[in-house]
Structures are given as structure tokens and as C-alpha cells.
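Have a look at the structure below before the remarks.
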Amino acid sequence: MAQSSIPLTQNYAQQLDAADELAKYREEFYLLPSIYMDGNSLGLLSRRAEKSLLDVLQSWKELGIDGWTTGEHPWFFLSEKLGEMSAALVGAEPEEVIVTGSTTVNLHQLAATFYQPKGKRTKIIATELDFPTDIYALQSQIKLHGLDAEEQLIRIASRDGRLIEEEDIIAAMTEEVALVILPTVFYRSGQLLDIERLTKAAHEKGIVIGFDGCHSVGAIPHEFSKWGVDFAYWCNYKYVNGGPGCVGSLYVNRKHFGRVPGLTGWFSSKKDKQFAMEHTLDVCETAGAYQLGTPHMLSVAPLIGSLTMFQEVPIEKLREKSLKLTRYLMDLIEVELAGMGFSIANPQEDERRGGHVSLEHAEAVRICKALKESGIIPDFRAPNIIRLAPVAFYNTYTDVWECVQVLKAIMQEKRYEKFENKRGVVA
Ligand SMILES: *Cc1c(COP(=O)(O)O)cnc(C)c1O
């Protein structure tokens with residue numbers, strides 16, 4: 001491991017916090033008694049998100065049906081408005097993003113639209129390190145075309161079990177491939193793919209390409225429009241802090257506007273035609289076309305408040321702080337936890353890593369339990385990964401420092417040994 005020369009004192013962490021221009025945003029969140037390092041699974045509640053949820057409840061209470069078109073946040077137009085508000089997070093035009101569905105549902109919708117097996121071109125490229133729901137959804141989309149999922153779904157292998165090489169993905173882009181769907185950031189290793197390079201390579205081969213942005217949106221800047229990405233989808237409950245089960249988002253490049261989505265419903269309609277109630281769909285010519293039915297107002301409402309914070313703080317600033325927090329965390333781990341059996345599984349280069357640090361240890365399950373007991377909330381991913389995500393909006397350098405001190409004490413005192421080597425139901 002590389003030797004780092006950063007000061008190891010708490011005082012140094014406090015100095016970094018004192019110089020942090022985003023520090024004031026921490027007070028906007030409901031912090032837990034424990035140090036929260038799990039914002040990559042579920043972001044914390046902000047006061048603004050709480051307020052916007054209560055505002056929407058209030059409009060239901062006071063307006064009833066009229067809440068659809070009147071009040072502070074008319075519900076009928078909210079999915080489009082939130083799409084506009086989040087466009088800057090992914091480098092899209094306002095009409096290219098819509099807040100709707102969930103990650104899994106949106107993937108089904110986009111695959112139903114953009115997976116068009118024809119002649120020899122029938123295969124889909126994914127990877128063996130993908131989040132399971134993405135694989136299950138693609139397998140069922142292939143089956144719906146009457147094809148064999150085993151044959152048609154190419155899962156790019158990892159050379160080392162941690163990372164996927166872009167060259168391996170590009171090498172698999174043959175004339176048999178109809179669609180490529182990849183994560184922006186891998187949920188386990190935190191590896192960030194080169195989205196621009198992969199998009200260019202896919203298009204050179206005449207292949208449509210889309211991305212799962214769950215682990216990057218809200219943490220990392222994107223340039224989906226500039227790079228020509230065909231489509232993307234993500235959840236809003238991780239780095240976007242929209243709350244448990246918050247409605248997700250999707251992006252469709254404007255070159256595809258006007259196309260009829262694979263799955264349609266009455267919310268796919270042009271908005272001014274929707275209530276004409278005709279049986280001929282006049283499809284909306286924006287990403288809004290990819291909606292299905294009535295939006296889930298109470299599950300989208302916290303996003304109104306949360307996105308106002310992202311409008312105040314450019315995503316580049318959040319990325320800058322996130323990179324500093326995670327670099328500090330890695331530097332401390334290398335020195336303080338040396339010789340204790342840990343290894344850092346995410347890439348070292350800033351342009352190849354996402355918002356979390358992926359720490360491997362043979363005793364990861366038990367160490368995570370000991371961390372929780374000691375006032376740190378980490379995240380475990382089977383079989384051996386401790387994910388630590390210090391989030392720019394609400395974590396401090398002191399949080400990072402304390403986390404490493406606690407880890408060190410747990411290892412020195414073997415405090416993890418009293419826990420059972422078995423993962424929890426949600427882990
Ligand atoms: C969190 C996550 C999901 C979750 O999908 P839901 O439909 O919201 O349950 C899917 N894919 C990736 C890569 C994720 O990180």
C-alpha cells in the first residue's frame with residue numbers, strides 16, 4: 001500500500017471541517033446519534049424534504065382533487081417539474097428527464113423500448129458484477145421476445161472479481177449485440193466506468209447504450225446529453241436523499257423523442273390531450289412519454305425539498321468534497337489499519353471511483369456488526385465488503401477520522417469476535 005503523509009490527528013480533521021464551505025448543509029439534515037456512513041444505500045432526511053412532504057399532505061388536506069392543478073406544487077405537473085430540477089445532475093436538457101417509477105420498473109420500460117432484437121442483432125451486454133435486479137429485468141425482457149436469456153445475455157467477466165475493464169466491454173460489442181446496459185458506478189467496488197468512451201464505442205458499432213445511475217446520481221457530475229447516452233435510469237433514495245422508496249427517474253436522449261415507448265399508459269400522453277380520454281394515444285414528445293399511470297405523490301414529495309439543495313450547490317462542488325472525504329478515508333485506512341487484513345477494493349484514480357470506499361475483509365460481516373454497536377453505521381455487501389460512504393452534504397472529515405479510529409479499536413480488541421458470522425436480512 002502507498003504511504004501517505006497526511007497528519008493522523010483529530011485536530012487535522014477539525015481543520016479540514018473548519019475550511020469546508022459546504023459544512024453548513026449538515027445542519028439541514030436530521031443526523032442520527034451514530035455516525036452515518038450509509039448514504040449510498042439510503043440518504044438521510046433533510047428538513048427541506050420533510051417540509052415538502054408535509055406541504056403535499058397539506059394540499060391534499062385542504063384542496064382535495066384540486067391539488068392536481070392548484071396549490072404550491074400542482075401534482076399533475078410535478079413529475080415534469082422535478083425532472084427539470086434534476087436535469088443538471090445528469091447533464092441533460094430539462095425535457096430529457098422525468099421523475100417516475102422505480103429503478104427496476106424504469107429499466108423494464110427502457111428495455112421494452114430500446115431492446116429490439118432483429119436478425120443477427122439479438123444480444124444484450126451487461127456485466128457479472130451488476131446489481132441483481134438489473135440482470136433479472138434483462139432476463140425477463142429477453143424471454144418476452146421468446147428468446148433464451150442464457151444465450152442472449154452477455155455478462156462481461158471481471159478479471160479480478162472486483163473491477164470490469166472497459167476494453168473487455170468494448171471487445172464484446174459485436175454485430176450480434178442490440179443493446180448495452182451498464183452501471184455508471186458498480187454498487188460493490190465503487191468503480192466508475194468511462195461513460196463517454198463506452199457510449200462512443202457502442203455507437204460506432206451501431207449499438208444502443210443505457211446506464212444505471214443509482215450509485216452516481218447526486219454524487220458525481222454526468223454529461224449524458226453531451227456524450228450522447230441513449231437512456232439512463234436511477235433511484236432518488238441514495239445520494240439524492242428522497243426517502244425510502246422515493247420515486248425514481250429516467251433520462252431519454254432527445255434524439256429518441258416522439259418514439260412510442262415499449263410500455264404505455266395514459267400518462268404517456270401529451271399532457272393537454274390526456275383528459276380527452278381517447279383510445280388513440282397521442283404520445284408525449286419528451287421523456288414524459290415513459291410514464292405509465294398516476295404518479296405516487298406522497299413518495300415523490302420529499303424530492304421537491306431535497307432537489308432545492310442540489311440547485312443551490314452545483315454537483316461539481318459536491319463531487320469535489322466527496323473525493324476529498326473518500327481520499328482522506330483511504331489515506332487513514334492505509335496507515336491506521338495496516339497489517340489488519342483490510343484491502344481497498346475500489347480503484348485509486350479519482351476518475352475511476354464513485355462516492356463510496358469499498359473495504360474488503362474476511363471478517364466483514366462481523367466487523368460491520370461491531371461498527372454498528374460502536375456508533376458507526378456502515379453498509380455490508382456479501383461476501384466480504386464494508387462500504388463506507390461519507391456524503392458531501394452531511395458528513396464531516398471528523399466523521400471519517402472517528403470511523404477509522406473505531407475500526408482500529410475494534411480490530412485491536414477483536415471486538416467483532418463476539419458477533420455471529422451471518423448477514424442481516426437487509427444488508
Ligand atoms: C439501489 C439499486 C437498485 C434498486 O432498484 P429498485 O428498483 O429501486 O429497488 C437497482 N440497481 C442498482 C445498481 C442499485 O444500486
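Considering (1) on the phi > 0 side of the Ramachandran plot; (2) within 15 Å of the chain's Cα centre (by Cα), the lone condition that Gly71 does not fulfil carries the number (2). For region 95-111, filtered to residues that are among the polar types (S, T, N, Q) and not in a loop (DSSP other than H, G, I, E, B), the residue that is surrounded by the most Cβ atoms within 10 Å (Cβ to Cβ) is Gln109.
One line per residue, one yes/no per condition, for (1) more than 22 Å from Leu307 (Cα to Cα); (2) at pLDDT 95 or above:
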position: Glu204; (1), (2): yes, yes
position: Cys214; (1), (2): no, yes
position: Glu223; (1), (2): no, yes
position: Tyr239; (1), (2): no, yes
position: Gly245; (1), (2): no, yes
position: Asp272; (1), (2): yes, no
position: Phe275; (1), (2): yes, no
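Scoring Leu153 on the criteria (1) within 15 Å of the ligand (Cβ to nearest atom); (2) surrounded by fewer than 23 Cβ atoms within 10 Å (Cβ to Cβ) leaves a single failure, condition (1).
Yes or no, residue by residue, for (1) touching a residue at least 60 places away in the same chain (Cβ under 8 Å); (2) out of contact with any Phe, Trp or Tyr (no Cβ under 8 Å at 6 or more places or on another chain); (3) farther than 25 Å from Tyr239 by Cβ; (4) more than 16 Å from the ligand (Cβ to nearest atom):
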position	(1), (2), (3), (4)
Ala13	yes, no, no, yes
Ser52	yes, yes, no, yes
Leu78	yes, yes, no, yes
Gly83	yes, yes, no, yes
Ala111	yes, yes, no, no
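Set side by side, the residues Ser158, Ser249, Ser189 differ, and just one is touching a residue at least 24 places away in the same chain (Cβ under 8 Å), polar (S, T, N, Q), over 25 Å from His108 (Cβ atoms) and within 14 Å of the ligand (Cβ to nearest atom), which is Ser189. Of Ala88, Ala92, all but one fail to be under 21 Å from Ser306 (Cβ atoms), among the aliphatic types (A, V, I, L, M), more than 15 Å from the ligand (Cβ to nearest atom) and in a loop (DSSP other than H, G, I, E, B); the exception is Ala92. Only residues that are buried (at least 21 other Cβ atoms within 10 Å of the Cβ) and part of a helix (DSSP H, G or I): list them for region 288-309, please. Listed by number, the residues that qualify are Gly288, Ala289, Tyr290, Val300, Ala301, Pro302, Leu303, Ile304, Gly305, Ser306, Leu307. For region 49-76, residues that are out of contact with any Leu (no Cβ under 9 Å at 6 or more places or on another chain) and in a helix (DSSP H, G or I) total 16. The criterion of being crowded, with 18+ Cβ neighbours inside 10 Å, modelled with pLDDT of 95 or more, more than 14 Å from the ligand (Cβ to nearest atom) and among the hydroxyl-bearing types (Ser, Thr, Tyr) does not hold for Thr184.
Taken together, Arg26, Arg47 contain a single residue that is in contact with a Phe, Trp or Tyr (Cβ under 7 Å, 6 or more places away or on another chain) and surrounded by fewer than 20 Cβ atoms within 10 Å (Cβ to Cβ), which is Arg26. Checking Asp212, Asp230 one by one, the residue that is within 11 Å of the ligand (Cβ to nearest atom) and within 23 Å of Arg121 (Cα to Cα) is Asp212 and no other.
The values are calculated or read from the model by the stated rules, or taken from the named source; none is laboratory data. Only a predicted model underlies this, so the values are computations on that prediction, with no experimental measurement involved. As a convention, Cβ positions derive from the backbone with ideal geometry for all residues, glycine included, and neighbour counts pool all protein chains shown.
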